[in-house]
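Just so it is clear, none of the values below were taken in a lab; they were calculated from the coordinates. What you see is a predicted model; the values in this text were computed from it and never measured. Reconstructed Cβ throughout: ideal geometry from the backbone, glycine too, with neighbour counts over all protein chains shown.
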């Protein structure tokens, strides 16, 4: 799955040579074991990864088989309907790990990313560790922590019927769940609700995050995007390929 | 997925949460209904919405009064008040929809939850993409458009003609009736999925020809295509791919970086040639 590879930003729509504000509040670190290679004691390895992440102020953590630290509630009642909390539940994520999966932690500050990666290198958990982020930030993190990159994968953006994609701000919100569980229509609804002052950006971001089934939705970046939408700014329209004119 | 008409109160909360836009409230029934052809069985509505278990008759009565009085509703937008969403037992070939659309269902072919394989995310212990090679992940339907296998087959056939090496453990590859020609099983061609990923590997110098092929075929499809390309770095962490992509006119911004921290810990497991930088 490429659930963190193609997170939309205006960089996917820039003209060649055009400067676009960098994304500086969205860094994902995830751990993945290989069957028969390093998946022995996998539950404890993944828990060690997440416990270490919690020491470095993540904005979300998650397990691909059970979700992030904000999850849907199965048994709401009229009495607690109005008292729904937005308090993250990291213990539920840790307790829910029960076998093969991928676990992830999301950070909104580079310094926290760097400190976590540095701690991971020292912890030597043994599973594969990846950063999904702007490539220059990931490269910088590797240099800062003394880790030579092993492999890289670049997102080249979207082709084909790009006219079917939603507007930029909606796309930026919905692609933060790369599995596609946050629908464009729901993201648009939350943008409208924030504009109408029916919900705060933090409340709207929490609604969206509950649909992400692996916990990589960045609620802090979502809050920023939802807040910016009040001004009417809607970013660049999607276009084919990353910074490449259609041929 | 279906919505139980005995439970549904027509609140429409489920309408926008569907990634495929497959749910609408029927004016005739005043109940939400699922367009079975558009639904990809991703279970987003069922799993993602919180649930109350209110009495449908009571809720409908309240809603009728509120509607008559033109009260402005301000409900929680992610709640099904009567737990009306009901999964159906899926049979072949429709079951393929869920296998590719619901990331919490592991593929039998890969053992991994999701639509692809580990790509280069575990390259430090698998050596799947080695020096001098490039891996491609070509994804169809995402974000939010969906794809039919008949469109995906146009791409697999074109790639096969180049030729390329399809990743044998990839779920799409397992649905090919003839891998050398990229032909998919005919009984799944009409099935729609939230997304599907084709994974291939080529020698590094062939990256431009694959990119050109993907560009050309994408123009003939009814969906969107998202492309990722990967390679193994040199021992000092440098890599030749970014420069090649820039020569091809791309300005890639985002991606994944494997830090090389994985190591073999299962006793007796063998490292593929030139794969692991570190060993236990």
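Data overview
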item	result
Mean shadow area of segment A:120-206, taken as a quarter of the surface of its Cα convex hull (nm²)	8.5
Other protein chain Cβ atoms within 10 Å, averaged over every residue that makes up B:50-60	3
Relative contact order (%) - criterion: Cα under 8 Å, at least six apart; region: chain A	34
Proxy reagent accessibility, fewest Cβ within 10 Å first, across A:45, B:154, A:51	A:51, B:154, A:45
Value of relative contact order over segment B:106-247, rounded to a whole percent, pairs C-alpha under 8 Å and six or more apart	36
C-alpha long axis of helix B:149-160 to longest principal axis of chain B, angle in °	0
Alpha carbon centroid spacing (whole Å) that separates segment B:42-68 from segment A:104-131	42
Globularity index of chain B, i.e. its alpha-carbon radius of gyration over 2.2 N^0.38 Å	1.23
Spread of Cα-to-Cα distances over 5 Å intervals beginning at zero, given as percent, for segment B:2-86	3, 15, 26, 28, 17, 8, 3, 0
Simple label model, 7 Å out from Cα along Cβ direction - residue A:109 to residue B:219, nm	4.9
Sorted by Cβ density within 10 Å, fewest first, the residues B:238, A:213	B:238, A:213
Net lengthening on full extension, residue A:55/residue A:20 (0.36 nm per residue, minus Cα-Cα)	9.4 nm
Spacing of the two label points (7 Å from each Cα toward its C-beta) at residue B:236 and residue A:79, in nm	6.8
The protein assembly as shown - mean residue ellipticity at 222 nm from DSSP helices (-39,500 (n - 2.57) per run, n ≥ 4, rounded to 500)	-8000 deg cm²/dmol
Anisotropy class of segment B:220-266 from Cα gyration tensor, a/c 1.5 cut	oblate
Average silhouette area of segment A:158-202, convex hull of alpha-carbon atoms, in square nanometres	3.5
Additional length obtainable on full extension of the chain from residue B:62 to residue B:162, 0.36 nm per residue less Cα span	29.7 nm
Rule-of-thumb Rg ratio for segment A:109-161 [Cα; 2.2 N^0.38 Å; N residues]	1.32
Descending Cα extents along the principal axes, segment B:106-247, whole Å	48, 33, 30
Residues B:8, A:177 arranged by fewest to most Cβ contacts within 10 Å	B:8, A:177
Dimensionless Rg ratio for the protein assembly as shown, taking C-alpha atoms and the 2.2 N^0.38 Å reference	0.94
Cα long-axis angle, helix B:207-218 against chain B (0 to 90 degrees, to the nearest 10)	30
Cβ-derived FRET efficiency at R0 30 Å, residue B:74 paired with residue B:26, nearest 0.05	0.80
Shielding by partners - mean other protein chain Cβ count within 10 Å, residues of B:143-154	4
Distance in nm between pseudo-label sites at residue A:161 and residue A:227 (7 Å out along the Cβ direction from Cα)	3.8
Exercise: per-residue mean of other protein chain Cβ atoms within 10 Å, B:241-252	5
Equivalent ellipsoid dimensions for segment A:1-111 as semi-axes, Å, which come from the Cα gyration tensor, largest first	28, 23, 13
Rounded if a/c under 1.5, otherwise prolate or oblate - segment A:10-229, Cα gyration tensor axes	oblate
Mean-position separation - Cα centroids, segment A:155-181 and segment B:195-221, in angstrom	19
